[in-house]
Amino acid sequence: MQDAKPSFTEMLGIAEEVIDEIGMPMPSKSKGRPRTYDWKQILAVLLCKGVSPFSDLERELRDGRYCKVAGRTPCDSELHYVYSKIPEDWLDKALELLDDKVTALYAKFGEFLNEFVIDGTGIACDTLVERVAALQKQLARETEDITILTRITTNTVRAVTSHTNKISALSASLEP
């Protein structure tokens, strides 16, 4: 057994194994300009992202030797672009498998394996939604709520959920 928390480089190796096991979520590109960076490597980086901002991830890549092409690494906007293209169901499956593999390799004697932290945050959006409050129509800023489940022992993200406060789809079914 090793330390409970793997290094970023070790996590990248495990993330690549996960991608090999479940396959790439996006097909290879056949039209247009060829991709500059290997998307398998970028996906591995994004699986290891945790709760770090894309700018920190870019800095981590710049300092290391991973995902470099001609001495350059992907910028934070490139990382975000690829992240936005990942299907949610693939991401859920990949995060769960990554957590299982890291836990199997790095947890010491099964101690504290079922201790998790749940972190939630709300992000205000620019769009306004119409609400009825106290029988009056009001405009409210739409928010996106994100909840992250992280295993304490290995510091790996187990699951991510997201939902908005937009209830227009439900409210339409309530009107007589």
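Rule-based calculations on the coordinates, nothing more; no lab input. In this text the structure is predicted, and so the values were computed from the model without any measurement. Don't worry about glycine lacking a Cβ; one is built from the backbone with ideal geometry, like all the others, and counts go over all protein chains shown.
A few remarks follow.
- Amide H contacts under 5 Å for residue 156, placed H, 5+ residues apart: 151
- The longest part of the chain holding none of the exposed loop GluC sites (Glu not before Pro), meaning those outside H, G, I, E and B in DSSP with at most 16 other Cβ atoms within 10 Å, is 1-110.
- Stokes-Einstein, applied to the Kirkwood radius of segment 8-174 over Cα pairs at a viscosity of 0.692 mPa s and 37 °C, places its translational diffusion at 180 µm² s⁻¹.
- Evaluating 6.51 cos²θ - 1.76 cosθ + 1.60 at θ = phi - 60° for every residue in segment 55-61, the Karplus couplings come out as 5, 5, 5, 4, 5, 4, 5 Hz, glycine and proline recorded as x.
- Its relative contact order, with pairs defined as Cα atoms under 8 Å and 6+ residues apart, puts the chain at 22 percent.
- Each of the chymotrypsin sites (Phe, Trp or Tyr not before Pro) that DSSP puts in a loop and that has at most 14 other Cβ atoms within 10 Å breaks the chain; the longest unbroken stretch is 1-108.
- Cα-Cα over 32 Å, subset of 85/137; 49/137; 5/93; 5/31: 85/137; 49/137; 5/31
- Remark: the residue 141-residue 78 segment gains 19.8 nm on full extension, using 0.36 nm per residue and subtracting the alpha carbon distance.
- If only the Cβ of Lys and Arg carry +1 and only the Cβ of Asp and Glu carry -1, the dipole of segment 8-174 around its Cα centre is close to 640 debye.
- Applying both filters, DSSP loop and at most 11 other Cβ atoms within 10 Å, to the trypsin sites (Lys or Arg not before Pro) of segment 25-73 gives 29, 31, 65.
- Charge dipole of segment 39-152 about the Cα centre (unit charges at C-beta), most positive-ward option of 77, 87, 106: 77
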